[in-house]
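Here the structure comes first, spelled out in structure tokens, and everything after it is commentary.
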């Protein structure tokens, strides 16, 4: 592979990510936002690959694209009658929002670069190389055993709770 | 084993109490409401007292007779710093006790007997006898006590019985007021007495007279001499209250709201004299300064109340003020050191004043509860017995020779003259001067009373019709009526009282004659009383200053004396010589006194005996003569004179305005303070509490209430500030999550700014 | 110089992307009224965080970042489920998903 | 024995729990039986008691045996707190001279309280359960010798009291109950802090570990140097004393912490007023005698004057406030404040006469004030009002009632021959004997006059004179010219009925008997009081050593 190839691919994915994210945010149509989010997730997944986190990238695609995004779309469908004006999501605080966002991004970047320029980010002795799937397996079953179990319980509870919250409420209906 | 006299005295003490207990619970279930029980038990007590009197006075006839018995009443255990400590109660019998016992029980028995007639038909007849019983009990307790603590207890108990008896007609507001006034005024005096007791106790850890006197004699009083004087004066305050001395005399005239037999027993003969008795008990520890205070108080009281008595209309009120005046004499006597004379006067006064009160009761009874002398008159024909006895007692009170009153009053006045000379003249001559002035007035007002009541024409019909109501007299001087409800005044037949009311009068009048007390109609000093009750030697050393004063004064006093009365042959200069002279004086004239001042006074008193007789006879004649001039010969019209000296007349008639002064200052003042403090309590103290509570509550509901609360409470500027702040704060709380998020981001940026600023620095 | 920097894809590149994503997500959350778009913004923020985790993990050589990003994904899934349920409930109650009208907290 | 007397009422409460609420009579009788049994036990304890044993502090050697009597001591809570060592709380009961009188008083007042609760109709079951709980807590406080146990009983008392006032009280009852509750809670919170501080400062010489035992705490030798309340940290000891004193002073109640009392009394039903005035107030001064003073004797020595001044303020201020009251019950409440001032004054004197007077005054005030409140309750039952000015002339129509009132009133104003006099007199004797408190005593005697003033004035306005024009009763004249009165909706006997007499006559007899010969009660106290005076005089004690 050419020395230029990797940066170019990187920049392409980076651009895809950022632009689609911007579209998500600025689009007035929620459906467009949702679909645009798909590209953002893909882009981020690609960036994960650049960071040697192949398993995470796959998980990203499976969970976000296959799960969360679908969920979001369902949400959109449930709450909005398609083609109604409601679909056009309004905005508030636009001016302070833009200002704050720019300041926030500026602040973050300043912090990153400043730290970097001051020699703050010292690369580790051994950077991650190649696949981390095996190491993830080890870590999950050893050091991160407890968080792993807890997370699974959280997930279970959250799903049950979500199901409970969203279910068709007969009593509630009757009141109206 | 108790001495039989002690046993008898305990019987004397407890029999009236038994009468009280039986009668208070069972009077309604007994025939005649149990009056025979009261009379019988108190009569038995009198019998016992008479036995004691016989054994002590007649058989022993020894000035030094003394018998004591005590028991441990409180045991404090082994007190740290003091050691084993007990409070003892006990009985002491000496000549004075024996005489007092006989006197108290005699008058009590007579009053019981009299009341069977006087109170007949009263719905609370039985209870009246019960109250008399508890009074007699407590009075005997005072007489028998051998220590300050128990005398204080019985002191308050006689206060209670006086309270109950003054308020016997409690449904009358005037009676209810009078009883409260009596109790409270006495309490003020009792405070002083109690403090005096505390001073002595704090030194010696005992209440017993004898122990205290022993200690003082041995000179182990550890506080300054001023404290000892203070103790004496404070103890005397008890007497001021109970014996109605100025400034606490105001209660006694009002106490005449009680039934007349009560006035005779309690407010004339016995209880009020208890003050004098008490001063006699503490006489030996009185310092010269304390004695001077006592002498002046007594002299002033004697004079002041005599002036008041002149103008009163109510028959009992005149007698009440004369009682105050006579008590003033006794206190004066104590103050000037004429111990035995004062006690002698106490005894004689008890008999003739009881006779006067019972006589006035008979008059009131006969006049159907008319007490105003202006509407009496001409009774001597209708009530001969009463007239004769009343007159004898009046003469005794005025101090006519051949009566008992003459003997004792003369002795006191002689003492006062002697005292003034020893103390160095000047202001001290005020004491005998006031005493003699009071003697003139006594003769005058008693003459006025006898004339108005017994002579002239009956003036019953002159009584204005509107005065018939109960409260009509309240305008000038709230007269008490011994009424039993709705009696009709006026025009009934006036008749002599029955035998059970007449007998006491006769007996008491008999006891007012000189021969009972002394064979010599002009000198009480030759009688048995003065022999048995002798002035005890003081245990307080005269202070150096007083001693010197006495030394300096003696020559002048002697000269004065020699000039004025040539028949006084004892003109000495050295106190020691006086003491010798006094001791060689002859029979019955007092023991030898180690204390120079006391010896001096004893001597001078004796020296002034004839002066006093002359002067007081003069005064008596002047007084009676004036009464004759005004009321019999009608040379001076009393009403016109009263008009001419109207301010003086009113001053006297309104009792020197003491009631008004006390009402305006002490009573109103106390009520004001109490109102202020109650307000303070309800609003300030509680307000602080509630305020704190409110603050906490407001704190808790800060979100909801703070701006409203602050706006309401603050001035405009604060209100504005708070409003602005509140408005800004309210904008922040929109309820929109996103707004909150914006805030969060702003905060984060703030952190960044801080971080960057740090870096730049 | 710049070219060199740009060609060697380093730490700063990823951090920059993460910052931009974070800013965009934040913007969405702050300004959009539709609850579902807000959720999307939250997902963006989470992704930005994940990028940071993995970046530092890679350049540090440890596994901690990787593991955490894994957990973040799982929790994001849970969060999305619950959040959507809530949104649906809000919709049932208020008949809208416009969060600016859901301001009962104000009272 | 002591456990029985403490927990008998609770057992009765449990029995009542099993009785259906409709069986009111059974509930009352069960309570009465329990109270009577308590009374019998109290009398047995009294007969059993050896007045030569001192109490207050441990016998030589550090053991309470031989000093206290009827001791019951078992471990209650033992926790291992690691570096702090074991936490030992004991169930430790015992009596000495100062507690036995209070035990007798509590038993007596409990019986009276049950009798006077008879007419209560509202939620009888709940009432008596709470009442019994209160009774247990009071008794427990007086016999507990472990500070923690004392504190438990102390707090246990609050709860039933709060409900008894708050549910069965007058129109403004919630306010009064809350006020009472907060005030006392405020006091006890500080007590808790001091208690813990003491725990870490004291070592029981017998076990060698920290202890809550009041007996061990009362001996200054058991304090460890360098601990928070041990020797060497004087400023903390002063603070602890002050804090503890305030906690007890609220209960007394001492000016300026007294304002809960009039409110609580006015709102509380009659039996609760009786308990409150008769027993609860004594807990404050009992606490001072048992805990506050002996544990910090040197601070007490320094603070005597201040305590005496507060006592004098109580006496005179209470009397003045009572003088201004229109409500009879409020007047009696203020008279309680005034009379508790005598207790404080006596304690401040710190000599045998003063302390003896104070403790005897506690007992007498219990009986006398119980009478006063019962009598107020009698007239309130009939007229549904306690306005002093709305009667007048009652003596003519209710002679027995008036007679009892006169006994109670005169006992309260300190008439010789009635018990109140002796205690007041001893208080004055004691406080006058000490040069420090002498000026205070001289001022305080004014209280004698003002005490008489408000009592006699109220007596006059209510009972003497004639019926007031706006009186709360009707006057009728029958055919024979006799006057009769009746109250508007009072169906019972006009004068005192049998139940009321059953309550009042024994109290009256006690008041009179102890006024004539006080040794039956006072004899129990003297040894302990003398011991207490010794303990409180550290200077003298150190001179002896």
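Things worth noting here:
- Residue among A:23, A:42 that alone is under 14 Å from the mean Cα position of the chain (by Cα), more than 9 Å from chain C (Cβ to nearest Cβ) and in a helix (DSSP H, G or I): A:42
- Filter pass, residue D:350 being within 11 Å of another protein chain (Cβ to nearest Cβ), out of contact with any strand residue (DSSP E or B) (no Cβ under 9 Å at 6 or more places or on another chain) and without any contact (Cβ under 8 Å) to a residue 40 or more places away in the chain: no
- Checking residue B:173 against (1) touching a helix residue (DSSP H, G or I) at 6+ places or on another chain (Cβ under 8 Å); (2) under 26 Å from residue D:463 (Cα atoms), the condition it does not meet: (1)
- Of the residues D:349, D:358, the single one that is closer than 28 Å to residue D:219 by Cα, more than 16 Å from the chain's Cα centre (by Cα) and buried (at least 24 other Cβ atoms within 10 Å of the Cβ) is D:349.
- Condition check for residue C:9: facing chain A (nearest Cβ under 7 Å) and within 12 Å of the chain's Cα centre (by Cα): no
- So residue B:612, is it in contact (Cβ under 8 Å) with a residue 60 or more places away in the chain and more than 30 Å from residue B:374 (Cα to Cα): yes
- Residue tally, condition touching a residue at least 12 places away in the same chain (Cβ under 8 Å), in contact with a strand residue (DSSP E or B) (Cβ under 8 Å, 6 or more places away or on another chain) and outside any loop (DSSP other than H, G, I, E, B), over the range D:41-71: 6
- Yes/no for residue B:114 being within 13 Å of chain D (Cβ to nearest Cβ), in contact with a helix residue (DSSP H, G or I) (Cβ under 9 Å, 6 or more places away or on another chain) and either surrounded by fewer than 24 Cβ atoms within 10 Å (Cβ to Cβ) or part of a helix (DSSP H, G or I) (or both): no
- Residue within the range C:39-50 that is at pLDDT below 85, touching a helix residue (DSSP H, G or I) at 6+ places or on another chain (Cβ under 7 Å) and more than 11 Å from chain B (Cβ to nearest Cβ) present: no
- Only one of the numbered conditions (1) within 14 Å of chain C (Cβ to nearest Cβ); (2) modelled with pLDDT of 80 or more is violated by residue B:737, and that is (2).
- Between B:422, B:388, the distinction of being in contact (Cβ under 8 Å) with a residue 12 or more places away in the chain, part of a helix (DSSP H, G or I), farther than 22 Å from residue B:351 by Cβ and more than 27 Å from the chain's Cα centre (by Cα) belongs to B:422 only.
- The set of residues in the range C:63-73 being facing chain A (nearest Cβ under 7 Å) and surrounded by fewer than 23 Cβ atoms within 10 Å (Cβ to Cβ) consists of C:63, C:67, C:71, C:73.
- Counting only helices (runs of 4 or more DSSP H) that sit wholly inside the range B:595-682, those with at least 1 residues that are closer than 25 Å to residue B:425 by Cα are B:596-607, B:609-627.
- The test for being more than 12 Å from chain D (Cβ to nearest Cβ) and either surrounded by 24 or more Cβ atoms within 10 Å (Cβ to Cβ) or at pLDDT below 85 (or both) holds for residue B:140.
- Residues that are over 19 Å from residue B:131 (Cα atoms) and more than 7 Å from chain D (Cβ to nearest Cβ), drawn from the range B:178-189: B:185, B:189
- Applying the criterion of at least 1 residues that are over 21 Å from the mean Cα position of the chain (by Cα) to the helices (runs of 4 or more DSSP H) found wholly in the range B:136-217 leaves B:173-204, B:209-217.
- Yes/no for residue C:58 being free of Cβ contacts under 8 Å to residues at least 60 places away in the same chain, assigned to a helix (DSSP H, G or I), surrounded by fewer than 19 Cβ atoms within 10 Å (Cβ to Cβ) and away from chain B (no Cβ under 12 Å): no
- Helices (runs of 4 or more DSSP H) enclosed by the range D:434-534 - at least 3 residues per element that are more than 11 Å from every other protein chain (Cβ to nearest Cβ) and at pLDDT 80 or above: D:498-516
The values are calculated or read from the model by the stated rules, or taken from the named source; none is laboratory data. All of these numbers come straight from a predicted model, not from anything done at the bench. Neighbour counts are summed over all protein chains in view; Cβ atoms, including those assigned to glycine, are modelled from backbone coordinates with ideal geometry.
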